[in-house]
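Have a look at the structure below before the remarks.
The values are calculated or read from the model by the stated rules, or taken from the named source; none is laboratory data. Remember, it's a predicted structure, so these values are computed and weren't measured experimentally. Cβ placement follows ideal geometry from the backbone for every residue including glycine, while neighbour counts extend to all protein chains displayed. Only protein heavy atoms, including side chains, enter the accessible area calculation; ligands, DNA and RNA are left aside. Shrake-Rupley method; radii C 1.70, N 1.55, O 1.52, S 1.80 Å.
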Amino acid sequence: MFRYVLADSWFCSNDNMMFIRHDCNKHFLMAMKSNRKVSLSLDDKLQGRSQRIDTVDFSEDKPVQGWIAGVDFPVLLYRQVFKNKDGSTGILYLVCSDLDCDAETLKAIYEKRWKVEVFHKTLKSNASMAKSPAHTVRTQSNHIFLSIYSAFRLEVLSLKVNLNHFQLRAKIYMAGLKASLGQLRELLAA
């Protein structure tokens, strides 16, 4: 029950694009590395003429149709320029199989991918999914399930108290440290 597969440049291979479009019958929206070769017309593609995506002169307001060597269908190419928190400028090259998208749609869809990244970071850092001491299939399955469940509970709690996962984890950790220190003081005083 989904329409798009979102991926970063690590997964932007011709094989993945062809599999998603032909075998899964879904659209994709992926980031591309700046050195990927593209053709801006079917004639250029057929003649084997291509250029790096970072040398293409196209507007940020409108994606352009193009072709990627080794992919048998046209795609939309889009360059998104953004400002980082430190004031530097970043450029993201996006490729999409849905030719009906405009720039705003591409930005909105690709932004959803970031929420998945945050979820994976929470699974790894806050729910310790990768630090399983389990060795059997059952205990590993239990650890994975409980890591996902704890990430879910953390998300619910973070929405309730309006703090992000890392702020919430730090707050819980500090409360635990204070309680432990109080208990230690009681033991020392006895």
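Values as computed for the structure displayed
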read-out	value
Residue selected from the stretch 9-27 under the condition assigned to a helix (DSSP H, G or I) and charged (D, E, K, R), by the criterion farthest from LYS37 (Cα to Cα)	ASP23
Selection from the stretch 2-59 of residues that are of a type in the set (D, E, K, R) and under 30 Å from HIS120 (Cα atoms)	ARG3, ASP8, ASP15, ARG21, ASP23, LYS26, LYS33, ARG36, ASP54
Residues located in the stretch 31-85, provided they are β-branched (Val, Ile, Thr) and either part of a loop (DSSP other than H, G, I, E, B) or open to solvent by 70 Å² or more (accessible area, probe 1.4 Å) (or both)	THR55, VAL56, VAL71
Flag if ILE91 is part of a strand (DSSP E or B), at pLDDT 85 or above and within 19 Å of the chain's Cα centre (by Cα)	yes
Test for SER128: is it among the polar types (S, T, N, Q) and under 28 Å from PHE11 (Cα atoms)	yes
Among (1) open to solvent by less than 90 Å² (accessible area, probe 1.4 Å); (2) of a type outside the set (Ser, Thr, Tyr); (3) at pLDDT 85 or above; (4) more than 27 Å from TYR4 (Cα to Cα), the one test that ILE148 misses	(4)
Neighbours by Cβ (under 6 Å, 6+ apart or cross-chain): first from the stretch 83-105, without any contact (Cβ under 8 Å) to a residue 24 or more places away in the chain; second of a type in the set (Phe, Trp, Tyr) and assigned to a strand (DSSP E or B)	GLY90/PHE82
Counted residues, the stretch 121-145 - those being open to solvent by 100 Å² or more (accessible area, probe 1.4 Å) and over 28 Å from GLN167 (Cα atoms)	3
The one condition in (1) more than 30 Å from ASN14 (Cα to Cα); (2) in a helix (DSSP H, G or I); (3) open to solvent by 80 Å² or more (accessible area, probe 1.4 Å) that VAL156 fails to fulfil	(3)
